[in-house]
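Report on the structure given below.
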Amino acid sequence: MRFLKKINSKAKAEVNTGFGTNASNYGGRFITKSGNANVKRTGIGLIESISWYHTMLNIPRWKFMVIIVLFYFLVNFLFASIYFGIGVQHLNGVVASTTLDMFGQAFFFSIQTFTTVGYGHVSPSGFLTSFVAAVEALFGLLSFAIATGLFYGRFSKPTAFIRFSENALIAPYGNSTALMLRMTPFKNTNLTDAEAKITLGMVLEEGGKPVNKFYTLDLEFAKVNALTLSWTLVHPITENSPLYNFTKEDFESVDGEILVFLKVFDDMFSTTVARRTSYSFSEIVFGAKFIPMFSRSNDDNKTLLHIDKLNLFEKVQL
């Protein structure tokens with residue numbers, strides 16, 4: 001573990017951050033790049049430890065669709081196996097000469113029952129087959145109700161469509177330097193009253209032991225009225241900053257992390273949404289500045305926001 005033995009004495013540490021102080025019990029970063037807590041819960045069963053509703057709302061779109069499709073086919077395969085086990089002779093209208101054809105007829109009858117389409121070409125006969133069909137129809141109704149709710153929840157969930165730059169920079173600022181990172185909205189949303197907070201987390205030595213310490217980094221502007229273009233958060237590195245006198249070698253050799261918290265009001269949802277991210281010291285580029293990412297359109301009627309330039313920077317001398 002790499003830690004700093006001392007820090008600027010003028011910097012005041014926070015005490016109520018929600019993160020532990022014992023560095024020896026921590027593994028990796030405090031917050032992932034995506035903004036989630038870097039914590040794995042143990043000592044509890046899998047079913048108890050996961051909120052399946054939140055999981056289904058937050059997983060990527062392609063995973064969600066794969067789960068829905070797999071569930072659809074697996075359930076129908078299960079019920080088709082039950083019908084096939086009972087005997088396809090209890091399904092009126094089944095005309096098949098091979099075992100594969102019989103199972104296929106049972107499978108498509110299951111789909112028709114599960115979706116409550118009921119074409120009528122095949123129908124159950126006998127108590128057991130009719131009972132299974134009734135159970136499947138109920139299960140299908142409940143499944144589609146849940147799937148519809150999940151689709152609506154994913155579609156209507158308030159989300160902060162904001163991207164952060166991949167790197168934070170130590171850049172020239174007036175007669176000194178500053179820590180800078182950049183963000184931008186990337187969808188057609190109207191975001192107002194944006195408020196940002198940056199916290200520095202670092203491993204320091206106290207009494208011969210590594211200890212987590214956290215410091216609030218003052219920003220040039222912590223609030224903006226409207227977030228329509230890119231916003232570069234700037235922490236001037238003054239004599240009151242915990243990063244004062246930090247060198248390139250310090251950023252390369254010390255375990256530290258920049259935690260970014262953002263709140264912004266989305267007028268479409270009429271609610272406040274939040275985003276988080278973090279930058280480890282290894283993701284901080286020393287001696288660089290961001291390249292501008294918006295410009296005037298050719299007809300002078302629009303401002304062009306170049307989202308693909310969010311991460312672009314150039315090296316400079318400090």
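Cut-off 10 angstrom, C-alpha nodes, Gaussian network model of the chain. Which of S297, S130, S97 fluctuates the most?
S97
Using a 1.4 Å probe over the heavy atoms of the protein chains, calculate the carbon and sulfur portion of the accessible area of the chain as a whole percent.
Within the chain, the accessible surface is 58 percent carbon and sulfur.
Please work out whether region 186-257 counts as rounded, prolate or oblate from its C-alpha gyration tensor, where a ≥ b ≥ c are the square roots of the eigenvalues and a/c under 1.5 means rounded, while otherwise a/b larger than b/c means prolate and anything else oblate?
In terms of gyration-tensor shape, prolate.
Compute the Rg to Rh ratio over the chain from the alpha carbon atoms, using the Kirkwood formula for Rh, and round to two decimal places.
1.18
If you fit an axis through the alpha-carbon atoms of helix 99-114 and take the longest principal axis of the Cα set of the chain, what angle between them do you get, 0 to 90°, nearest 10?
The angle comes out near 70 degrees.
Taking K248 as the anchor, which aspartates and glutamates have their alpha carbon closer than 14 Å to its alpha carbon, excluding any fewer than eight residues away along the same chain?
E283
Per residue Cα convex hull volume for region 31-104, in cubic angstrom?
Expressed per residue, the convex hull around the Cα atoms of region 31-104 is 159 Å³.
Specify whether the C-alpha gyration tensor of region 192-318 places it in the rounded, prolate or oblate class, a ≥ b ≥ c being the square roots of the eigenvalues: rounded for a/c under 1.5, otherwise prolate if a/b is larger than b/c and oblate if not.
It is oblate, given that a/c is not under 1.5 and a/b is not larger than b/c.
With respect to the cross-link table entries K40/K315; K223/K315; K63/K289; K63/K309, which display a Cα-Cα separation exceeding 30 Å?
Pairs exceeding the cut-off: K40/K315; K63/K289.
Hey, rough spin-label estimate for T42 and F108, points 7 angstrom out along Cα→Cβ, what's it come to in nanometres?
5.2 nm
Under a GNM of the chain (C-alpha, springs under 10 Å), which listed residue has the highest mean-square fluctuation: S278, S295, S253?
Between S278, S295, S253, it is S295 that shows the largest mean-square fluctuation.
Determine the calculated [θ] at 222 nm for the chain from helices alone, applying -39500 (n - 2.57) to every DSSP H run no shorter than 4 residues and normalising by the residue count; nearest 500 deg cm²/dmol.
Theoretical 222 nm ellipticity from helices: -9000 deg cm²/dmol.
Quick check for you: with a 1.4 Å probe and neighbouring chains kept, what is the accessible area per residue of region 50-114, in Å²?
In whole numbers, region 50-114 has 61 Å² accessible per residue.
Between D267 and F131, how high is the FRET efficiency from 1/(1 + (r/R0)^6) when r is the Cβ-Cβ distance and R₀ = 35 Å? Nearest 0.05.
Efficiency at R0 = 35 Å is approximately 0.10.
Tell me whether region 71-144 comes out rounded, prolate or oblate; compute the Cα gyration tensor, take square roots of the eigenvalues as a ≥ b ≥ c, and use a/c under 1.5 as the rounded threshold.
Prolate is the answer for region 71-144, as a/c is 1.5 or above and a/b outweighs b/c.
The values are calculated or read from the model by the stated rules, or taken from the named source; none is laboratory data. Being a predicted model, the structure only gives us computed values, none of them experimental. So basically every Cβ, Gly included, is an ideal-geometry build from the backbone, and we count neighbours across all protein chains shown. Accessible surface areas use protein heavy atoms only, side chains included; no ligands, DNA or RNA. Shrake-Rupley method; radii C 1.70, N 1.55, O 1.52, S 1.80 Å.
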